[in-house]
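These notes are about the structure you will find just below.
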Amino acid sequence: EQWGVREQVAKGFTPDGFWREGSVLYHFYALEALTGFALSRGVLCAMERRARPTVEELLQNARRVAVLEDVQNPTNVGAIFRSAAALGMDAVLLTPACSNPLYRRAIRVSMGTVFQIPWTYIPKELTDWPAHLRSFGFKTAAMALTDDSVSIDDPHLLAEEKLAVVLGTEGDGLA
């Protein structure tokens, strides 16, 4: 509305776009053709991605880390990122089979927290990633629904200097 988009569309606005206050506006159909999606609000953003940090860079100063093991549903990945942000996690590590946190659905469900919490994939070559976490001083806690499970706010867990909370795949759980 602010830039008269409706008036431009009514005049036969072309996919060539126009500049206004540093933004390029395109006809909704051009955006749909570019993205392959019907964009209900007609907004498209392109950004340059930073190189992902290494596992070692993320673990160096972290105290609380979430580790996603083969979580394949983008909705679940987004929900876990949102929960990780709420729990004050310093980083998220993903095994190679995890869904991409930058997938559209994951971003939406995460409410943008995939852009706030540092994250990276664990390289395929790092097969014993639990030992790698321990080499950085982390203790691991597995998320599981068992009779002897403890609460996430258990004093013993809270007392750990460095804690990695591991969440398993939707079907089989933790390996």
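The numbers here are math on the coordinates, done by the rules we state, and not lab data. These numbers come from a predicted model, not from an experiment. Note that each Cβ is placed from the backbone with ideal geometry, even for glycine, and that neighbours are counted across all protein chains shown.
Net charge in the neighbourhood of Gly168 (other residues with Cβ under 10 Å of its Cβ; Lys, Arg +1, Asp, Glu -1) is -4. Straightening the chain between Phe136 and Leu158 buys 6.1 nm, computed as 0.36 nm per residue apart minus the Cα-Cα spacing. Put simply, the amide H of Tyr121, placed in the peptide plane, has neighbours under 5 Å in Leu94, leaving out anything fewer than 5 places away on its chain. Scalar couplings 3J(HN,Hα) for region 82-99, obtained by applying the Karplus form with A = 6.51, B = -1.76, C = 1.60 to θ = phi - 60°, are 4, 5, 4, 5, 5, 8, x, 5, 7, 6, 10, 10, 10, 6, x, 7, 6, 5 Hz; x denotes Gly and Pro. The distance between label points at Met111 and Leu87 comes to 1.7 nm (points 7 Å beyond Cα on the Cα→Cβ vector).
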